[in-house]
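Single-structure report; data block below.
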Amino acid sequence: MTSPRPPADPHVQGAIDAVWRMESAKVIGRLARMLRDVGLAEELAQDALVSALEQWPLSGVPDNPGAWLMTTARNRAIDRLRRRQLQQRKHEELGHEIELQQAHDEDALLDALDDPIGDDLLRLVFTACHPVLSMEARVALTLRLLGGLTTEEIARAFLVPEPTIAQRIVRAKRTLAQAQVPFEVPRGEELVARLEAVLAVLYLIFNEGYSATAGEHWLRPALCEDALRLGRIVAELMPAQAEVHGLVALMEIQASRAGARTGPTGEPILLMDEDRGRWDRLLINRGLAALERARALGGASGPYELQAAIAACHARALTPQETDWARIVGLYGELGRLTGSPIVELNRAVALAMLFGPQAGLTLVDALAGEPALQRYHLLPSVRGDLLQKLGRLDEARGEFERAAQLTRNAREATLLRERAARCTPTGG
């Protein structure tokens, strides 16, 4: 179901859109706790939004629009439960009706809505990212319930047909209901595993915005912004979890480069060629502060904290020559031992080449050539082409760049790789 758009004054419409983005997760979270049904909670929240779209253009935006939405949605929930009562539905729903009616105190309602670290919001995060759902479903449901995005917006962001996203969301809600997933925050050992799932969803959303896997654009800034906003919320809700701060640090620092990663026509600019004067120092400082919070919590560094530390090495270097490549090599070594990922080893090869020369990097890249996970990974031939080019082996480099261009699904990246291939022509050739 796509959030409707009112034929209203654009200023009012903009205000409604902004309020929905900020308040919808709180409304859905509160209703889901009361109703024990995420799908029904979102449906009632959407009904409240429809009422806002009908009334606010005439009456104006209320002083506390979040409370207005919550009150409207709650009243609809009470009506729904009363109808069920008349139809002699489940006895437990009568208890939920009582709970809803007890929540009628307006002051308590306003206090709850103003609370940025309420348990309801945290419960909603863990429900949307529940392991019973596929990763694709988790991403769509998270952006829908927590990001306040419409089905159309999610589909456009991931270059997927809108009906596909709509079906994905419907199936996700049905799966949660059929599995009787409790609307709660996990505890103990389960919390660690479930938190990893939450962070993985946010990381995927951010990366799709930071380096789009397909399509005509190299960056999709809106996805980065959504992931960052949700990451900051989770960090506020779970301040004692180091990896949450590590992920926020990573996203803040990487997002700081957005203005320098593309040229005037949207063409990609590689890290070593970026104008570092265009990096956002505010975001960098926020990221470094988040990294310090992660470290202050102690314990072994997790994968997000290690990646944030690598990003910090780049952020602290005012010029490429000032980059602490030795530390980056060491951090990639730690990350590789922790994750066992060949992609991490590929990144370590790049850092080794910067520290000890292109042959050192090429030796490691060649050792990774047989890794099954890298067989269709376009950055393997891209990195190899770069190292071969630096070694003067231009014919080989050109072939690697051409192969990488064929493997990538991003049109901008493919163009860049073909241009690099064209430049690998011997002098006089």
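For the range 157-208, a residue qualifies if it is farther than 22 Å from A45 by Cβ and charged (D, E, K, R), and the qualifying residues are R187, E189, E190, R194, E196, E208. Against the test of being crowded, with 17+ Cβ neighbours inside 10 Å and within 30 Å of A414 (Cα to Cα), the options P303, P320 yield a single qualifying residue, P303. With respect to (1) under 27 Å from the mean Cα position of the chain (by Cα); (2) not in a helix (DSSP H, G or I), the lone exception for G370 is condition (1).
The set of residues in the range 203-215 that are more than 18 Å from C129 (Cα to Cα), at pLDDT 85 or above and surrounded by fewer than 20 Cβ atoms within 10 Å (Cβ to Cβ) comprises S211, T213. Scanning the range 132-152 for residues that are in contact with a Leu (Cβ under 8 Å, 6 or more places away or on another chain) and more than 16 Å from K26 (Cα to Cα) yields V132, L133, M135, V139.
Among the residues examined, L31 qualifies as crowded, with 19+ Cβ neighbours inside 10 Å, assigned to a helix (DSSP H, G or I), of a type in the set (A, V, I, L, M) and at pLDDT 85 or above. Does the range 150-170 include one or more residues that are touching a residue at least 12 places away in the same chain (Cβ under 8 Å), of a type in the set (S, T, N, Q), more than 30 Å from I269 (Cα to Cα) and not in a helix (DSSP H, G or I)? Within the range 150-170, one or more residues are touching a residue at least 12 places away in the same chain (Cβ under 8 Å), of a type in the set (S, T, N, Q), more than 30 Å from I269 (Cα to Cα) and not in a helix (DSSP H, G or I). Name the single residue that is farthest from A140 (Cα to Cα) among those in the range 226-270 being part of a helix (DSSP H, G or I) and without any contact (Cβ under 8 Å) to a residue 24 or more places away in the chain. So, considering only residues that are part of a helix (DSSP H, G or I) and without any contact (Cβ under 8 Å) to a residue 24 or more places away in the chain, the one farthest from A140 (Cα to Cα) is A260. Exactly one residue among L417, L388 is at pLDDT 95 or above, touching a Ser or Thr at 6+ places or on another chain (Cβ under 7 Å) and buried (at least 23 other Cβ atoms within 10 Å of the Cβ), and that residue is L417.
Checking the condition surrounded by fewer than 17 Cβ atoms within 10 Å (Cβ to Cβ), within 12 Å of the chain's Cα centre (by Cα) and not aliphatic (A, V, I, L, M), which residue from P221, P239 passes? On inspection, the qualifying residue turns out to be P221. Can you find even one residue in the range 54-64 that is hydrophobic (A, V, I, L, M, F, W, C), within 24 Å of A179 (Cβ to Cβ) and out of contact with any Phe, Trp or Tyr (no Cβ under 8 Å at 6 or more places or on another chain)? For the range 54-64, residues hydrophobic (A, V, I, L, M, F, W, C), within 24 Å of A179 (Cβ to Cβ) and out of contact with any Phe, Trp or Tyr (no Cβ under 8 Å at 6 or more places or on another chain): absent.
The values are calculated or read from the model by the stated rules, or taken from the named source; none is laboratory data. Just so we're clear, the structure is a prediction, and the values are computed from it rather than from any experiment. Note that we place each Cβ from the backbone using ideal geometry, even for glycine, and neighbour counts take in every protein chain shown.
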